[in-house]
Amino acid sequence: MGNPFEYAPAPESRAIVDIAPAYGLFIDGTFAEAADGGRLKTVNPATEEVLAEIAVGGEADVDRAVKAARKAFKSWSALPGAQRAKYLFRIARLIQEHARELAVLESIDNGKPIRESRDVDIPLVAAHFFHYAGWADKLAHAGLWRSRTNEHSGADPKPIGVAGQVIPWNFPLLMLAWKVAPALACGNTVVLKPAETTPLTALRFAEICVEAGLPNGVVNIVTGAGETGRALIAHPDVDKVAFTGSTAVGKEIARTIAGTRKRVTLELGGKAANIVYDDAAIDSAVDGIVEGIFFNGGQVCCAGSRLLVQESVADELLASLTRRIKTLRVGDPLDKNTDVGAINSAAQLSRIQELVAAGEAEGAERWSLAGELPGKGFWFPPTVFTGVTQAHRIARDEIFGPVLTVQTFRTPAEAVEKANNTAYGLSAGVWTEKGAKALWTAQRLRAGVVWTNTFNKFDPASPFGGFKESGFGREGGRHGLEAYLDV
Amino acid sequence: MSERLEVLKTYKLYVGGKFPRSESGRVYAVTDSKGRTLANAPRGSRKDARDAVVAARKAFPGWSGATAYNRGQILYRIAEMLEGRREQFATEVAAAEGVNRTRALAAVDAAVDRWVWYAGWTDKLAQVAGGANPVAGPFANWSTPEPTGVVAVIASQRSSLLGLTGAVAPVIATGNTAVVLAAGASALPALSFAEVLAVSDLPGGVVNILTGHPAEIAPTLASHQDVNAIDLTGVAPDAGVASARDLEIAAADNLKRVLRPGPKEPDWTADPGTARMLAFTETRTVWHPTGH
């Protein structure tokens with residue numbers, strides 16, 4: 001007999017979603033095939049089942065989408081803010097109404113646990129649209145006046161124009177919301193390219209735009225892979241580029257737009273330090289470390305991938321952490337009890353495997369959660385490396401998977417020094433019961449978001465974005481308006 | 001065949017999420033601009049006013065402690081519920097204000113849109129009116145606007161729904177709770193509006209609506225020691241009500257925040273800005289040392 005306290009399977013029903021065999025590009029309010037008929041397949045990463053065929057937008061399609069956005073810009077930007085607000089409120093409400101369907105669809109296409117898509121991703125998507133809906137008629141209150149350097153002036157902020165937006169696969173619909181909601185609130189129109197492995201919720205969102213009565217051309221969704229994204233960013237009539245993804249691609253974008261008048265915001269990679277002082281509440285810190293690195297299987301740009309623990313409590317903390325990780329349930333993303341789902345793609349899985357192999361080869365000590373992984377699909381067990389030095393690749397490179405490195409420190413100054421010893425600067429965590437120490441540390445961390453005694457918290461009112469090679473520009477709150485206004 | 005006999009509504013107060021009659025058992029006949037009786041409205045007493053303050057105070061911890069996002073959701077829900085009752089309110093506003101149907105409908109639409117506008121403010125005011133303060137020392141220091149508490153609102157007697165909305169929405173958007181006095185013919189749309197509030201997920205007691213004679217109830221609210229602020233807009237000099245100055249003097253007893261009436265009835269259709277929200281917020285500044 002097995003463990004009598006073992007969980008029974010608790011699968012969320014798939015019946016709520018209806019996936020079509022094939023999807024076109026959403027341009028000017030209608031779906032159409034790519035001009036050259038290009039297609040790719042999107043699969044369920046937990047089963048490798050093909051979910052649908054997706055059109056691959058080429059240069060001609062991107063051009064058509066940008067033209068549609070340009071045409072729509074004139075009337076959309078001229079609408080009173082209160083009118084734009086009402087469209088965004090409608091979208092927020094429709095997302096709330098379709099929340100369960102979107103959560104299931106996201107988990108099927110992305111591989112993340114339903115518990116996360118249902119309780120984190122989709123509620124945040126609705127909240128983000130709700131938040132920016134309210135900004136649309138309050139831009140004059142945001143304190144972001146129009147620049148006098150471009151022959152205009154005044155206290156009434158104006159939109160930039162057509163935004164080309166490229167988003168990643170780790171939070172597909174949430175990243176769409178972060179891009180589309182502020183852009184539309186400020187009066188811009190958008191052409192958005194979802195990630196090639198996770199296009200389905202973006203396409204469902206296109207249908208929601210139609211249901212909301214959003215004017216044609218205000219939102220255009222052009223699916224495809226890297227080439228489609230390149231064509232969008234390079235298009236001469238795109239005024240604003242917004243990208244979330246890897247630092248390597250971010251640098252490529254910066255080079256592409258050099259010498260143009262395009263505005264750009266980049267939200268890139270991270271290698272966040274999670275600092276645990278000896279006066280931390282250890283049980284809370286352990287939960288925070290787990291949340292920090294295993295949320296969405298560590299496929300999170302702000303993941304707390306580098307644990308920095310004060311030497312005097314390192315043994316106690318690691319023992320507790322190991323015990324906690326052993327309770328994690330890896331498996332079917334649609335099971336409501338699953339903690340860690342599938343890795344999004346074969347390509348991402350091989351990157352994780354390569355870096356983990358490098359960690360072992362360079363002399364760090366690996367511990368992985370034992371247990372059988374599903375036979376099909378892309379899986380990697382929660383993994384912790386100890387004996388890590390600053391020179392190891394696993395301590396420097398973004399792994400983007402459920403892999404934690406552990407280093408120790410003796411003084412607060414050493415913790416800060418080690419935390420900042422990275423090219424990245426997206427996020428960081430601090431664990432201590434002493435408020436003054438938490439704030440002292442936070443003020444010295446070169447990171448765009450610092451969580452104290454918590455981790456991976458997001459809110460539409462709270463600006464998010466990086467220092468250094470984690471990119472620039474902020475998404476969320478009043479600060480997030482600046483990226484989409486002519487300031 | 002006999003003509004169908006209309007079922008008339010009994011108008012009742014709205015206190016603590018319930019619809020009681022006035023404890024005094026009194027009503028007054030509400031008449032339209034031509035002197036015809038529209039209905040009876042409860043004539044609230046000083047005791048009703050005190051009961052409403054108790055209800056508002058009881059609701060304050062929950063409402064002010066709700067997340068700004070949650071308050072925004074509920075204010076937006078009020079707009080949704082009001083939108084669905086446009087016809088009803090157009091009829092009631094036309095009767096109460098003696099305006100034609102087109103103007104009444106425009107006022108109802110403007111009221112819906114005003115609720116949407118304030119729904120969007122709940123989670124933004126702190127970023128516009130608050131902020132981090134770069135003090136010269138090892139401290140984290142920040143300021144946030146916080147609700148002042150229970151706010152008494154002497155509502156407009158002329159703009160029965162839009163004026164009521166323009167006064168009440170900024171009070172509750174920021175987390176205050178309200179005791180509203182609606183008088184004259186405005187009483188009827190105000191009490192019908194309570195029915196909208198009652199189905200909008202708004203916790204009972206956050207908005208309490210009294211009707212009656214301002215000369216009787218306003219002094220009780222102005223001098224009440226558990227009321228933190230008072231909006232005297234509805235006591236505009238040209239509104240023909242008792243002296244706003246007397247009420248302001250009474251309000252001084254516990255240093256209520258007073259929103260004084262202007263020289264004339266406000267233009268409720270104009271962009272309200274942030275003034276009404278800021279009138280009923282306190283700035284809280286937090287100092288916290290940094291060091292190790």
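The values are calculated or read from the model by the stated rules, or taken from the named source; none is laboratory data. The model shown is predicted, which means the values in this text are computed figures rather than measured ones. Please note: Cβ atoms are built from the backbone with ideal geometry, for glycine as well, and neighbour counts cover all protein chains shown.
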Next item on the list: Please indicate, with yes or no, whether at least one residue in segment A:360-373 is within 13 Å of chain B (Cβ to nearest Cβ) and not hydroxyl-bearing (Ser, Thr, Tyr).
Entry: no
Next item on the list: Please work out if A:Asp109 is surrounded by fewer than 18 Cβ atoms within 10 Å (Cβ to Cβ) and away from every other protein chain (no Cβ under 14 Å).
Entry: no
Next item on the list: Out of B:Thr269, B:Thr285, B:Thr281, report the one residue that is surrounded by fewer than 21 Cβ atoms within 10 Å (Cβ to Cβ), polar (S, T, N, Q) and closer than 29 Å to B:Ala107 by Cα.
Entry: B:Thr269
Item checked: Qualifying positions in segment B:151-192 - at pLDDT below 95, in a helix (DSSP H, G or I) and among the polar types (S, T, N, Q) -> B:Ser186
Next item on the list: Out of A:Val430, A:Val449, report the one residue that is over 24 Å from A:Ile167 (Cβ atoms) and in contact (Cβ under 8 Å) with a residue 12 or more places away in the chain.
Entry: A:Val430
Notebook entry, point to check: Of these, A:Ala391, A:Ala447, which one is surrounded by fewer than 21 Cβ atoms within 10 Å (Cβ to Cβ) and assigned to a loop (DSSP other than H, G, I, E, B)?
Noted result: A:Ala391
Next item on the list: Give the number of residues within segment A:42-56 that are under 12 Å from A:Thr197 (Cα atoms) and either among the hydroxyl-bearing types (Ser, Thr, Tyr) or not assigned by TED's automatic domain parsing to the domain that holds A:Pro172 (or both).
Entry: 1
Margin query: With the structure loaded, tell me whether A:Ala395 is of a type outside the set (S, T, N, Q), closer than 24 Å to B:Gln127 by Cβ and in the same structural domain as A:Ala358 (by TED's automatic domain parsing) or whether it fails that test.
Written below: no
Note to self: Just to be sure before I move on: is B:Leu125 surrounded by 22 or more Cβ atoms within 10 Å (Cβ to Cβ), within 14 Å of another protein chain (Cβ to nearest Cβ) and touching a strand residue (DSSP E or B) at 6+ places or on another chain (Cβ under 7 Å) in the structure I sent?
What the structure shows: yes
Check: Hey, any hits in segment A:58-77 for a residue that's within 14 Å of chain B (Cβ to nearest Cβ), closer than 18 Å to A:Ala181 by Cα, among the hydrophobic types (A, V, I, L, M, F, W, C) and surrounded by fewer than 24 Cβ atoms within 10 Å (Cβ to Cβ)?
Finding: no
Notebook entry, point to check: Does A:Ala347 meet the test of being among the small types (Gly, Ala, Ser), surrounded by fewer than 19 Cβ atoms within 10 Å (Cβ to Cβ) and closer than 30 Å to A:Leu266 by Cα?
Noted result: yes
Notebook entry, point to check: For A:Leu404, all conditions in the list (1) within 25 Å of A:Glu267 (Cα to Cα); (2) surrounded by fewer than 24 Cβ atoms within 10 Å (Cβ to Cβ) hold save one; what is the number of the exception?
Noted result: (2)
Notebook entry, point to check: If we scan segment B:193-203, do we find a residue that is touching a Leu at 6+ places or on another chain (Cβ under 7 Å), closer than 27 Å to B:Thr37 by Cα and modelled with pLDDT of 95 or more?
Noted result: yes
Item checked: Enumeration of residues in segment B:3-44 that are farther than 25 Å from B:Ser200 by Cα and part of a strand (DSSP E or B) -> B:Val27, B:Tyr28, B:Ala29, B:Val30, B:Thr31, B:Thr37, B:Leu38, B:Ala39, B:Asn40
Check: Which of the residues that make up segment A:433-446 are within 14 Å of another protein chain (Cβ to nearest Cβ) and free of Cβ contacts under 8 Å to residues at least 60 places away in the same chain?
Finding: A:Gly435, A:Ala436, A:Ala438, A:Leu439, A:Trp440, A:Ala442, A:Gln443, A:Arg444
Note to self: Taking the conditions exactly as written (out of contact with any strand residue (DSSP E or B) (no Cβ under 9 Å at 6 or more places or on another chain) and away from chain B (no Cβ under 14 Å)), does A:Asp137 satisfy them or not?
What the structure shows: no
Checklist line | Residues of segment B:1-22 satisfying the condition of being surrounded by fewer than 16 Cβ atoms within 10 Å (Cβ to Cβ), under 17 Å from B:Asp51 (Cβ atoms) and either charged (D, E, K, R) or at pLDDT below 95 (or both) | finding: B:Lys18, B:Arg21
Notebook entry, point to check: Of the residues that make up segment A:42-64, is at least one among the polar types (S, T, N, Q) and assigned to a helix (DSSP H, G or I)?
Noted result: no
Notebook entry, point to check: Which condition number does B:Asp226 fail, the rest of (1) surrounded by fewer than 22 Cβ atoms within 10 Å (Cβ to Cβ); (2) within 17 Å of B:Ser156 (Cα to Cα) being met?
Noted result: (2)
Margin query: Can you tell me which of (1) within 14 Å of chain B (Cβ to nearest Cβ); (2) touching a Phe, Trp or Tyr at 6+ places or on another chain (Cβ under 8 Å); (3) not hydroxyl-bearing (Ser, Thr, Tyr) is the one A:Ala413 doesn't meet?
Written below: (2)
Item checked: When residues of segment A:3-33 are limited to those that are in contact with a Gly (Cβ under 6 Å, 6 or more places away or on another chain) and assigned to a strand (DSSP E or B), the one nearest to A:Leu232 (Cα to Cα) -> A:Leu25
Next item on the list: Those residues that are touching a residue at least 60 places away in the same chain (Cβ under 8 Å) and of a type outside the set (Asp, Glu), I need them from segment B:259-278; list them, please.
Entry: B:Pro266, B:Trp268, B:Thr269, B:Pro272, B:Thr274, B:Arg276, B:Met277, B:Leu278
Note to self: Here is a check on your reading of the model: is A:Ala127 at pLDDT 95 or above and either surrounded by fewer than 21 Cβ atoms within 10 Å (Cβ to Cβ) or part of a helix (DSSP H, G or I) (or both)?
What the structure shows: yes
Next item on the list: Residues being on the phi > 0 side of the Ramachandran plot and either surrounded by fewer than 21 Cβ atoms within 10 Å (Cβ to Cβ) or part of a strand (DSSP E or B) (or both): count how many of those fall in segment A:326-341.
Entry: 0
Check: How many residues are hydroxyl-bearing (Ser, Thr, Tyr), surrounded by fewer than 21 Cβ atoms within 10 Å (Cβ to Cβ) and within 14 Å of chain A (Cβ to nearest Cβ) when one looks only at segment B:55-84?
Finding: 2
Next item on the list: Could you check, for segment B:51-69, whether at least one of its residues is out of contact with any strand residue (DSSP E or B) (no Cβ under 8 Å at 6 or more places or on another chain), closer than 19 Å to B:Leu161 by Cβ and not in a strand (DSSP E or B)?
Entry: no
Notebook entry, point to check: In segment B:85-122, how many are more than 11 Å from chain A (Cβ to nearest Cβ), crowded, with 20+ Cβ neighbours inside 10 Å and assigned to a loop (DSSP other than H, G, I, E, B)?
Noted result: 0
Next item on the list: Scan segment B:272-290 and give yes if some residue there is away from chain A (no Cβ under 14 Å), at pLDDT 95 or above, under 18 Å from the mean Cα position of the chain (by Cα) and in a loop (DSSP other than H, G, I, E, B), otherwise no.
Entry: yes
Check: Here are some conditions: (1) within 14 Å of chain B (Cβ to nearest Cβ); (2) within 23 Å of A:Thr247 (Cβ to Cβ). A:Val449 meets all but one. Which one does it not meet?
Finding: (1)
